[in-house]
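Read-outs throughout are calculated quantities, based only on the coordinates presented, and are distinct from any laboratory measurement. If you're wondering where the values come from, they're calculated on a predicted model, not measured in any experiment. Neighbour counts run over all protein chains shown; Cβ positions are idealised from the backbone, glycine included.
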Amino acid sequence: MEWRIIRLTEVGSTNDYAREIAEDVPEGTVVIARRQRAGRGRKGRNWVSPEGGLWMTAILKPKSSPEHVPKLVFVGALAVVDTLARYGIPAEIKWPNDVLVDGKKIAGILSECKLNSFALLGIGLNVNNRVPEELRDLAVSMAELIGRELKLEGVLDALLRSLSYWYSLFKSGQHGKILQSVRTRSSVLGKDVVILEDGEVVLRGRAVGIDDSGALLVDTGKSVERVIYGDVSLRFR
């Protein structure tokens, strides 16, 4: 994949900016901002994104059938896990779109799409940015783990190389290989979880699998339920 990078000093959200230009730019255009004023994660949650982190959105134009497009969130998560491994940081994927190190969030993925037109793959990775005091039990940065600041360009290069690899598998229809890699790097499988919808508990059980559509399989003790990630949030019990 040939990447074309647009660099911004500040933006509301790289996903929002990318959406405005997506239909007029080639696939592989990447919007990167030094800081975001209104960074967001799934379901509109706030994502603190000060200077020092890697805040980006890749504009993709896959020819895949619509049912496969939601799997792009896994492409982003796997690319982040691979990038962290290059820096000696072992990480896992908290289904569907968070990347954790020792239970703390280091990255989040936000995928959005306009069917038959484009997909946006937003990635927020804590690199050198200081994690706010109130979030220090929940989040961590690469610099904190390694003990020194990193060159953002080096992290970006590693991430885009990994993203190229996983996206090439996606485009060639190797969705099974992507999903199997997510399963082996999952922080969720085998754990007791709580599924929430709009803040209300809708399901409790043990995460026992991820099916071929990307849905989480939760064993409640009475049945195995499929959980679709667009509608719910997941918490460990």
Simple spin-label estimate for Tyr87 and Tyr165 in nanometres, 7 Å along Cα-Cβ: 1.7
Share antiparallel - DSSP beta bridges, the chain, percent rounded to 5: 80
Using the Kirkwood radius over Cα pairs, work out the Stokes-Einstein diffusion coefficient for region 1-137 at 25 °C and 0.890 mPa s, in µm²/s as a whole number. 162
Taking each pair of different alpha-carbon atoms in region 139-237 once, compute 1/r for the pair, average those values, and report the inverse of that mean as the Kirkwood hydrodynamic radius in Å to one decimal. 15.9
Given points 7 Å out from each Cα along the Cα-Cβ axis, report the Lys222 to Arg37 separation in nanometres with one decimal. 5.0
Okay, helix-only estimate at 222 nm for the chain: each DSSP H run of n ≥ 4 adds -39500 (n - 2.57), divide by all residues, round to 500 deg cm²/dmol; what do you get? -7500 deg cm²/dmol
If we sort 107-113, 77-83 on the protection proxy, mean other Cβ atoms within 10 Å, highest first, what's the order? 77-83, 107-113
Highest average packing first - 30-38, 189-197, 90-98, Cβ atoms within 10 Å: 90-98, 30-38, 189-197
Taking 0.36 nm per residue of sequence separation and subtracting the Cα-Cα distance, how much length would be gained by fully extending the chain between Glu197 and Asn116, in nm to one decimal? 26.3 nm
Would you calculate the separation in nanometres between label points at Arg237 and Glu67, each defined as 7 Å from the Cα along the Cα-to-beta-carbon direction? 3.1
Charge tally for neighbours of Lys171 with beta carbon under 12 Å away, counting Lys, Arg as +1 and Asp, Glu as -1, is +2
